[in-house]
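The values are calculated or read from the model by the stated rules, or taken from the named source; none is laboratory data. Being a predicted model, the structure only gives us computed values, none of them experimental. Here the Cβ positions follow ideal geometry from the backbone for every residue, glycine too, while neighbour counts run over all protein chains shown.
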Amino acid sequence: MSDDRERDAALARAVRLRVQGRAGAAREQLLELAERYPEDAAVAYQTAWAHDVLGLEAEAVPFYERALAHAGLSREDRHGAFLGLGSTYRVLARYEEAARTLRSGLEEFPDDPALNAFLAMALYNRGEGREAVGLLLKTLTVSSDDPGVRRYRRAIEHYADDLDAVEPGGG
């Protein structure tokens, strides 16, 4: 039991360091924790995040993968891990893996605007601009509180499915 309390306290200290802008120090502590607790999803997730903050995306990937492979993440952190891994794959030009990861995230978090936005970027990077724009338009219609978007929601959704559609008379 004291080992759990010790782990929790060490993890809290490391997260506090990252939040305070001391990601390098957080990373060092988190790497030690990750070595000590290799199957701990929360430790892996926080370790990935610290690497990402430092621009060490390639080093973040195995920790994100480990976080998603093991149980124990809160719903919020699991969402963050999908988003972090998908975004990191995209930054590393691993577009297929980015799209696959973000789609997996959307299976658990359907219609999530952030996951959809990053998926649209990955689709664009894969040369699938039409699908990317359609996805962004659909995401806009469900996530925007803008009165104009709300007013034209059905039209936007219609054109999102068929970007080349035109109305007779140019409308």
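Here are the numbers for this structure:
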| quantity | calculated |
| --- | --- |
| Of all residues making up the stretch 61-87, the number that are of a type in the set (A, V, I, L, M) and either loosely packed, with under 15 Cβ neighbours inside 10 Å or out of contact with any Leu (no Cβ under 8 Å at 6 or more places or on another chain) (or both) | 3 |
| Close pairs from the stretch 63-80: first on the phi > 0 side of the Ramachandran plot, partner at pLDDT 95 or above, Cβ under 7 Å, at least 6 apart | Gly72/Asp40; Gly72/Ala41; Gly72/Ala42 |
| Conditions (1) touching a helix residue (DSSP H, G or I) at 6+ places or on another chain (Cβ under 7 Å); (2) farther than 19 Å from Ala98 by Cα: number failed by Asp40 | (1) |
| Where a residue in the stretch 137-165 is in contact (Cβ under 8 Å) with a residue 24 or more places away in the chain and more than 19 Å from Pro110 (Cα to Cα) and its partner, wherever it lies, is part of a helix (DSSP H, G or I) and β-branched (Val, Ile, Thr), with Cβ under 7 Å and at least six apart | Leu163/Val133 |
| Close pairs from the stretch 89-104: first over 13 Å from Met121 (Cβ atoms), partner of a type outside the set (A, V, I, L, M) and surrounded by fewer than 18 Cβ atoms within 10 Å (Cβ to Cβ), Cβ under 8 Å, at least 6 apart | Glu96/Arg126 |
| Residue that is in a helix (DSSP H, G or I), of a type in the set (D, E, K, R) and within 12 Å of the chain's Cα centre (by Cα), where the choices are Arg90, Arg18, Arg13 | Arg90 |
| Candidate set: the stretch 127-145, residues that are part of a loop (DSSP other than H, G, I, E, B) and modelled with pLDDT under 95; chosen: the one nearest to the chain's Cα centre (by Cα) | Ser144 |
| Members of the stretch 28-49 that are part of a loop (DSSP other than H, G, I, E, B) and of a type in the set (Phe, Trp, Tyr) | Tyr37 |
| Hits in the stretch 1-38 - residues which are touching a residue at least 24 places away in the same chain (Cβ under 8 Å) and loosely packed, with under 12 Cβ neighbours inside 10 Å | Pro38 |
| Number of the exception - Asp146 against (1) within 27 Å of Asp161 (Cα to Cα); (2) surrounded by 17 or more Cβ atoms within 10 Å (Cβ to Cβ); (3) of a type outside the set (Phe, Trp, Tyr) | (2) |
| Of the criteria (1) within 16 Å of Glu97 (Cβ to Cβ); (2) among the charged types (D, E, K, R); (3) not in a helix (DSSP H, G or I), which one Asp52 fails | (3) |
| The listed residue being surrounded by 12 or more Cβ atoms within 10 Å (Cβ to Cβ) and modelled with pLDDT under 95, out of Leu106, Leu123, Leu163, Leu115 | Leu163 |
| Filter result (outside any helix (DSSP H, G or I) and closer than 21 Å to Ser143 by Cα) within the stretch 93-120 | Phe109, Pro110, Asp111, Asp112 |
